[in-house]
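Report on one structure; see the data block that follows.
Every number here is computed from the coordinates shown, using simple stated rules; none is lab data. Being a predicted model, the structure only gives us computed values, none of them experimental. Cβ: placed from backbone, ideal geometry, glycine included. Neighbour counts: every protein chain shown.
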Amino acid sequence: MPPTDASTDAGTTPVAADPDDISADTPEPGGRPESSDCQDTLDLRLPDELIALIAEQDTSRPARTGPDDDRREAAGTTPTEAQAPAPAAKASLAKSPDLTAFAEHDLLDDVGEWGPVTTSSGVFQLVPARIDRDLVLISRWMNDPAVAAFWELAGPDEVTERHLRPQLEGDGRSVPCLGVLDGRPMSYWEIYRADLDPLARHYPARPHDTGIHLLIGGVAHRGRGLGTTLLTAVSDLVLDHRPQCARVVAEPDLRNTPSVSAFLSAGFRFSAEVDLPDKRAALMVRDRALRAVLQPSHSQ
């Protein structure tokens, strides 16, 4: 679970959570944050896609028929064709509506087809990353000290490749992208299913919660509010193109005050502090229901 945040400098001071404000959730010691905000505690059920994946894994295991099967499994041998599920069982599995829907469903609604948007800083578009085309550029950004302090992916290109490849070859729950502004790549993004991510263990996730990770690549693009502009644009893209998503979430490192400030200025609210395996993070939430109320700040 990479960090969310390096170099999204908005040039403002982050707003501290009011301890009396019920929207600023606080985590239970050593566990999930206990929230008194009903917006963060409803619809706590496993997503249909995750249920289908569990069912697929369970039904695809060959049934044991006796002690010989136990011995074969302990020895690590591969089942023969005779031990595989019978044709009738395979046909039944193939016709399962839940598993078919999971196999055909795009977990992030075609990020690459969302198209460009016009912002106050120019025309911006998310372009899904490719290792053969983009590895050298992304690796160079990861070796910038301001980025490496939070992403921890400095090193040779192979380090970045090991971070990208599981996403590109996975089931589509995380899509790494270049952020292209007026035709020039200038930022790196990960759009991911927060409800299917390890992050979901640390906050009351809802089905289709969508997360954002971001870094601004070029020094020339930092420190002038561009992070706020792009976070607003990308979270709007998520809400516009993912109708089942009620919330966009992020978890910038609490130490990265420019990043936290950029999220606040982009219409996100501070929900809680959460202890993740690699950092203490600020859980930031942009609610579809509050989209018209928490308008992004354009004062930067």
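At 1.002 mPa s and 20 °C, plugging the Kirkwood radius over alpha-carbon pairs of region 169-226 into Stokes-Einstein gives what diffusion coefficient in µm²/s? Approximately 165 µm²/s, per Stokes-Einstein. Separation of region 233-300 and region 111-137, taken as the distance between their Cα centroids, equals 20 angstrom. Each label point was placed 7 Å from the Cα along the Cα-to-Cβ direction; for Leu294 and His241 their separation is 2.2 nm.
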